[in-house]
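Trainee: Sharing a structure, written as structure tokens. Questions coming.
Bear in mind that the values in this text are calculations on the coordinates, not laboratory data. Note that the structure is predicted; figures quoted are calculated from it, not measured. Please note: Cβ atoms are built from the backbone with ideal geometry, for glycine as well, and neighbour counts cover all protein chains shown.
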Amino acid sequence: METVSCKVEGMSCSSCVNNITHYLEKAGMEDVMVSLATGDVQFRAPHAVELDRIWKGIEQMGYRVVEEDRAAVRQKKILDDPLAVKWLVSLVFTIPLLLHMWVSWSWLHLAWVQALLCTPVMVMGLSHFGKGAWHGLRNGTANMDVLITLSAITGYVYSLVVWLWLGSHQPLYFEAPASIFSFVLLGSWLEQKAVKRTASAVEDLLRLQVARAYRIDPLSGEVEEVDNRKLQVGDQIWIREGDQVPADSEVLMGEAWVNESLVTGESRPVWRQVSDALIGGTILERGSVRARVKAVGQQSVLGKMIALVKQAQSRKPAVQRVADRISAVFVPVVVGVALLTAVLSLAVFHVSLFTALLRAMAVLVIACPCAMGLATPAAIMVGLGRASKKGILIKDPDVFEKSRRLNTLVFDKTGTLTQGEIVITDWKCWDISEQTFQSIVASLERHSSHPIAKAIETAWGKQSAFTFSKVQEHKGWGMEGIGEDQQIYRLGQARWFKDEVILPPNHDLYLVKNNVCIGWIDLHDRVREEAKQVLPLLKKQGYRLVLLSGDRRDNCEVVAKELGIDEIYAEQTPEGKQQVLRKLMDSGATVAMIGDGINDAPALAVADMSIAVAQASSIAMQAASIVLLGGDLHQLPWALSLARHTYQTIRENLLWALAYNVIAIPAAAIGALGPIIAAFSMGFSDLVLAFNSLRLYTKKILPS
């Protein structure tokens, strides 16, 4: 299976999303994700599938498949937008039709003039809505286009029949179908513009991907200016002061202050020197460097971010799946209500034929499946966009819904609440030399990625290596190695050795040779300054705080006391951490696990919500639903609050969509709303959702 992505234009409501999803699944595609708001379509396809046949099938349904690069180009002028052009042309012919109701110009009241003015609008409207309606019905599905087209055709055909068979002295309503198409085209265009603003997260990241690069010829040393998309792994580049870093790279020469705020949300520039990593899309504020390209395109940090944000935008949370099920039967139900309205109006209320048809037309036009389809994705896209600008990557949109029930925050200690800059404070060995002790410990820890291992390797890594024939890491326990002399060495915490080995008490790590202790090490890690500010704030907001660590209990108690945490689970293995989380969740708590995302992956995978505090360069390692890219705990309360505000916006949007249809459809059925007002109201309802979602961009997320 291969992952395939494309853009599809012409989707107007959640029925369109369902139509494309069902078509792709029926064609054998898996993990289909379709975004109404962005037009992104992603699925996994068998290697033997003919994609041209798939694209043709989508286009036969009335949609248009376009290349992603072309779809991402922004239209700068109104005349560059086909939908805007259709609306402008329709408006030119609709205005005179509406004027005849208020002015006494005799020529505007001539039946042939009204028919002549209405016909181009019908042609324009049918080319947009009619095509989608026809292809949808031909494929056995119905969408919003069916409702609009059916209503406009009803008014146009009725007026033509009355004029041609009964004479021009009868009331004609050519302005109704013309107004329907014009108002709905205007609403669709404005909605498209507003929804595109909600999708700005990906557009902003895409703009960061395109930059100029100065590539260095390795033989001649000459510098060539190229598009960064032409760079390859291994190329050497020169990055000057003020330049955007063109690709993920490693500094070979020079040093500089780099602004990483666009990627990690870190507002202060960071110092980068030889061997340090540079993230593509960041800015060199001061200094210049020579660097080697380490990753390009989709393999870069930025490329992975874009893929994850797109994936999150396309995924449907539980609340959206409910709305989709309603939308799937919405159009057939509305058509049935419109027919019932016409029949009851004639049979029970004894109104004229055209009055009954006007009411049925109004029901068809005012019903708005778009509102239900857009309610959730519009809010989610704004939430994702605002989060990405803050250096917060939300990978799972279900966190928005879960945030309202969240009441327990479980923190890992090392690297999350502490700085992760561990230092050796004391150590002792016996039966071997100090140099050999340090060499054995450093050689074992060289095979681990744990912060403690990195600290020991930094302190003692310059010692000559001790040779092991085999080294194995026991996650949550320690390191084990077999020396060339076939002696077994184990380095770990006291709980690993249980009663097998006699140990001096109250030390962090022990080195054991063949079940005999030959030394110990004590370590210290300072609490993060931001943790001292953030955790009291979270506690004040009503969250239950829990410390969950593999470290010794006395070390955990020191950190917990300093941060005001009352509940501690210490000396836990990765499996033990999972059991603790399950126990908390079984007791009724909704739990978020906050860890460094490296050694906490098993625990992160179990929790209701998982949050990784990690640098952007380690995105690929995260098992979390939320990643704090800057590694700053200050982002945590903001991220949780944004999730709650986003869910609140989703609820407001769904409430509006439901209330609108519940009130508007009966009002149209009893004649309180005519087709023209109905067309305007339908477009207005979508705009309300879009602009309510856009409020998230400026909404105050945290109280002062």
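Trainee: Among the listed pairs LYS390/LYS454; LYS230/LYS304; LYS26/LYS304, which have their C-alpha atoms separated by more than 21 angstrom in this model? If you can, show how the numbers build up before the last one.
Mentor: Details: LYS390/LYS454 29 Å; LYS230/LYS304 18 Å; LYS26/LYS304 29 Å.
Going by Cα-Cα distance, LYS390/LYS454; LYS26/LYS304 fall outside the 21 Å limit.
Trainee: Return the whole-Å distance between the Cα centroid of the range 223-260 and the Cα centroid of the range 24-48.
Mentor: Centre-to-centre distance over Cα atoms comes out at 36 Å.
Trainee: May I ask for the longest run of the chain untouched by chymotrypsin sites (Phe, Trp or Tyr not before Pro) that are loop-located per DSSP and have at most 16 neighbouring C-beta atoms (other than their own) within 10 Å?
Mentor: Formally, the longest exposed-site-free interval is 431-704.
Trainee: Also: Of [x] 15, 46, 32, 7, 0; [y] 15, 38, 29, 13, 4, 0; [z] 17, 45, 27, 9, 1, which is the value of P(r) over Cα pairs in 20 Å bins from 0, in percent derived from the coordinates here?
Mentor: Of the labelled values, this structure produces [y].
Trainee: Now for a separate question. Out of the trypsin sites (Lys or Arg not before Pro) in the range 412-479, which ones are loop residues according to DSSP with at most 12 other C-beta atoms within 10 Å?
Mentor: LYS462
Trainee: While we're looking at this one, here's another question. Leaving out same-chain residues fewer than 8 places away, which lysines sit with a Cα under 28 Å from that of LYS583?
Mentor: Counting by Cα, and skipping residues close in sequence, LYS583 has these lysines nearby: LYS395, LYS402, LYS413, LYS475, LYS498, LYS532, LYS539, LYS540, LYS561.
Trainee: To the nearest Å, what is the center-to-center distance of the range 382-450 and the range 541-562, using C-alpha atoms only?
Mentor: Their Cα centres are 14 Å away from one another.
Trainee: Follow-up question, since we're still on this one. Read phi for every residue in the range 427-440 and hand back ³J(HN,Hα) as whole Hz from Karplus 6.51 cos²θ - 1.76 cosθ + 1.60, θ = phi - 60°, with x for Gly and Pro.
Mentor: Karplus values, whole Hz, x for Gly and Pro: 6, 7, 9, 8, 6, 9, 6, 4, 5, 5, 4, 4, 5, 5.
Trainee: Considering the dipole of the chain built from charges on the beta carbon (Lys and Arg +1, Asp and Glu -1) around the Cα centre, which of LEU636, GLN438, GLN472 is farthest to its positive end?
Mentor: LEU636
Trainee: With +1 on the Cβ of every Lys and Arg and -1 on the Cβ of every Asp and Glu, and nothing else charged, how large is the dipole of the range 232-295 about its Cα centre, in debye rounded to the nearest 20?
Mentor: Rounded to the nearest 20 debye, it is 100 debye.
Trainee: Name the long-range amide H neighbours of VAL245: under 5 Å, sequence gap of 5 or more, or other chain; modelled H, no Pro or chain starts.
Mentor: Residues meeting the criterion, in which the H sits 1.01 Å from N, are GLY281, THR282, ILE283, LEU284.
Trainee: What's the longest bit of the chain with no exposed GluC sites (Glu not before Pro), using DSSP loop states and at most 11 other Cβ atoms within 10 Å as the test?
Mentor: Numbers: sites that count: GLU50, GLU67, GLU222, GLU484, GLU500.
That gives 223-483 as the longest site-free run.
Trainee: Using only DSSP helix segments of four residues or longer, with each worth -39500 (n - 2.57), what per-residue ellipticity at 222 nm results for the chain after dividing by its residue count and rounding to 500?
Mentor: Roughly -15000 deg cm²/dmol at 222 nm, from the helical runs in the chain.
Trainee: First measure r as the distance between the Cβ atoms of LYS389 and LYS540, then evaluate 1/(1 + (r/R0)^6) with R0 = 41 Å and state the FRET efficiency to the nearest 0.05.
Mentor: Taking R0 as 41 Å, the efficiency between LYS389 and LYS540 is 0.95.
Trainee: Apply 1/(1 + (r/R0)^6) to the Cβ-Cβ distance of ALA48 and GLU285, taking R0 = 45 Å, and write down the FRET efficiency to the nearest 0.05.
Mentor: With R0 = 45 Å, the Cβ-Cβ based efficiency is 0.35.
Trainee: Also: If R₀ is 60 angstrom, what is the calculated FRET efficiency for the pair ARG651 and ASP431, using the beta carbon separation as r and rounding to 0.05?
Mentor: 0.35
Trainee: Mind putting a number on the dipole of the chain about its Cα centre? Charges go on the C-beta only, +1 for Lys and Arg and -1 for Asp and Glu, and I need it in Debye to the nearest 20.
Mentor: Details: 70 positive and 71 negative charges, 453 e Å.
Rounded to the nearest 20 debye, it is 2180 debye.
Trainee: Right, next: Using only alpha carbon pairs under 8 Å that are at least six residues apart, calculate the relative contact order of the chain and give it in whole percent.
Mentor: Relative contact order, the chain: 14 percent.
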